[in-house]
1. Quick one: grab the alpha carbon gyration tensor of the stretch 75-170, order the square roots of its eigenvalues as a ≥ b ≥ c, and give me rounded if a/c is under 1.5, else prolate or oblate depending on whether a/b is larger than b/c.
2. What list of ³J(HN,Hα) couplings, whole Hz, do you get for the stretch 85-97 from phi and the Karplus terms 6.51, -1.76, 1.60, once you set θ to phi - 60° and write x for glycine and proline?
3. Rolling a 1.4 Å sphere over the protein heavy atoms, what is the accessible area per residue of the stretch 1-107, to the nearest Å²?
4. Using just the helices of the chain, give the 222 nm mean residue ellipticity in deg cm²/dmol: DSSP H runs with n ≥ 4 each add -39,500 (n - 2.57), and the total is spread over all residues, rounded to 500.
5. Give me the extension gain from Glu115 to Leu54: residue separation times 0.36 nm, minus the current Cα-Cα distance, reported in nm with one decimal.
6. Could you please state how large a percent of the accessible area of the stretch 25-170 is carbon and sulfur, counting protein chains only and using a 1.4 Å probe?
7. Tell me, in nm to one decimal, what length is gained between Asp25 and Thr168 on full extension, where the rule is 0.36 nm per residue of separation less the Cα-Cα distance?
8. Roughly how far apart, in whole Å, are the Cα centres of the stretch 20-48 and the stretch 101-167?
Amino acid sequence: MIKPILIHPDPRLKKLCAPVDDVSDELRALSQDMLATMYDAPGIGLAAPQIGVLERLIVMDCVKEGDPEPTIMFNPEVLAASDDTNVYEEGCLSIPEQFAEVTRPASVRVGWLDENGNPQEKDFDGLWATCVQHEIDHLNGKLFIDYLGPMKRQMMTRKSQKMKRERTRG
Ligand code: K1U
Ligand code: ZN
């Protein structure tokens, strides 16, 4: 089922999300809905708070061509980050049609629980590294615009607020 995506500003996008205690059937079904919502948007990632669920769950698929790689992570955490950095022009499904350059570690080692509740660990680089950090930030109530200066952040917030108003008016 496709879920509506919250648009910034929304207090739920600023909250610290709770760890998942048990990878239940309900959360597994939610993760499938999140993948469907992400592909429909379209996007390369989605975090549970973006659909109003304040739990530590993200989905991603950063494959540009070829076989899709739907990835589901419960309680993802960055275990190690490289000193070298990467600049990427990021977007966010909760801040539609706006993009800005963000500098982040170029590669990260991430640990998480998979959909069967089994622990996993993997190194990510390139777009996957950027995306997984962006999604984990969502679980900590942080948006990519929080890396920008106050003027640019305010400008993007105002544009997003306007777009949100227009969408709710229909
Ligand atoms: O979390 C989100 O809001 C999803 C976001 C993820 C992201 C994008 C870019 C850098 C870091 C993280 C998006 O998917 S925005 C849409 C987007 O980037 C895209 C959409 C269609 C094709 C390719 C990319
Ligand atoms: Zn986002």
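The values are calculated or read from the model by the stated rules, or taken from the named source; none is laboratory data. Just so we're clear, the structure is a prediction, and the values are computed from it rather than from any experiment. Positions of Cβ are backbone-derived with ideal geometry, glycine not excepted, and every protein chain shown enters the neighbour counts. Heads up: the accessible areas ignore ligands, DNA and RNA and are worked out on the full protein's heavy atoms, side chains in. Shrake-Rupley method; radii C 1.70, N 1.55, O 1.52, S 1.80 Å.
1. Oblate, because a/c is 1.5 or more while a/b does not exceed b/c.
2. So the Karplus estimates, Gly and Pro as x, are 10, 9, 10, 9, 7, 8, x, 8, 5, 8, 9, x, 6 Hz.
3. 52
4. Rounded to the nearest 500, it is -10000 deg cm²/dmol.
5. Gain in length upon complete extension: 20.2 nm.
6. The nonpolar share, carbon plus sulfur, comes to 47 percent.
7. 48.2 nm
8. A separation of 16 Å, based on Cα centres.
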